[in-house]
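J.: Below is one structure. I have some questions about it.
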Amino acid sequence: MRRITLSLVAFALLAATAPAGAANREHEQILADIRMLQEQNQRLQLALVTLAEALKTVGAKIDESNAATRKGFADQKLLTDAVAGDLRVLREKLDETNVRLTSLSQDVDGLREIIPQAVSASTVPATPVDPSAPPTPGGTTPSAGAPVPAAPAGTGTTPKRLYDTAYADYTAGQWSLAVQGFETYLKTYPKSDLADDAQYYVGESHSGDSKFREAVAAYERMIRDYPQSDILPEAWYKVGITYERLAQPDRARTAYEFAVKTFPESNDAVRLSKQRLDGLNRRQR
């Protein structure tokens, strides 16, 4: 009986201590899991720090690359602007050279016309000398074969100088001198590049002198003789204006209508012609 009792007590003690041991093992397992999680958390934090540093480095490299790209674009723009400036200067110099070449060409053409005339005029055959003739007032006897000097024929000046002189008279309001100068230019150099301008300014000079009939005749001659001129719109507009001053509105309207229908609207003379035409039409109503 005593043995049974001891066995029961031992079993009871074992039963009482078993749950306590299991609880300790579970507690240890939880602590182990916590330590594992803490270690994983530390590794993750280290990884995040490393990643942040890597991102910072990449960001710095990207900024450097962007800065280098912007600098490259800026340098390229400066280079492009410099090249464009150089091209503009070269173009201006080329235009200036072309103007000078045109002027020199006109001067050469003028000299080609002047020199043969001067040479032919200066080589007049000498009059035979009579040995028995009395001496000249200066006390010398004319020598046989000596050429008699003569003034050269023609204008005696270059085309550009002749045109510039006439234009200077025009800008100074010397209408008669301007007309004379431009007409001389036209007679001497009818095929030059400035011939249409010279004919146009004949009309402008007559208009400035209030000689409107002569002015409209000069404008119409310019239109007739120089159909390829680049100042035809201006000539047609001036025809219309002059006919208005001559109290001939129908002819003025015809000139304005031709300018508006024939030439580009971007031309100032065409826009002015349209304005004058609209004014004539309103007055007619």
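J.: Given labels modelled 7 Å from the Cα in the Cβ direction, how far is it in nm from LEU51 to ARG161?
T.: The modelled label-to-label distance comes out at 9.1 nm.
J.: Order of 244-252, 80-88 by packing, highest average Cβ count within 10 Å first?
T.: The packing order, highest mean first, is 244-252, 80-88.
J.: Additional query: Figure the gain on full extension for HIS27 and ASP250 (residue separation times 0.36 nm, minus the Cα-Cα span) and round it to one decimal in nm. Write down the numbers at each step before the final one.
T.: Details: separation 223, 0.36 × 223 = 80.28 nm, distance 11.90 nm.
Computed gain between HIS27 and ASP250 is 68.4 nm.
J.: Under the classification rounded if a/c is under 1.5, otherwise prolate if a/b is larger than b/c and oblate if not, where does the stretch 201-281 fall, given a ≥ b ≥ c as square roots of the Cα gyration tensor eigenvalues?
T.: oblate
J.: Let me ask another. Sorting check: for 208-219, 192-203, which peptide has the highest mean count of neighbouring beta carbons within 10 Å, and how do the rest follow? It would help to have the intermediate numbers written out before the result.
T.: Details: 208-219: 18.9, 192-203: 22.1.
In decreasing order of mean packing, 208-219, 192-203 become 192-203, 208-219.
J.: Using 21 Å as the Cα-Cα cut-off, could you pick out the over-long pairs in LYS238/LYS274; LYS160/LYS211; LYS160/LYS238; LYS160/LYS191; LYS191/LYS211?
T.: LYS160/LYS211; LYS160/LYS238; LYS191/LYS211
Readers should treat all values here as calculations from the given coordinates under stated rules, not as data from a laboratory. Please read these numbers as outputs of a predicted model, since none were measured by experiment. For neighbour counting, all protein chains shown are included, and Cβ atoms are generated from backbone atoms with ideal geometry for every residue, glycine included.
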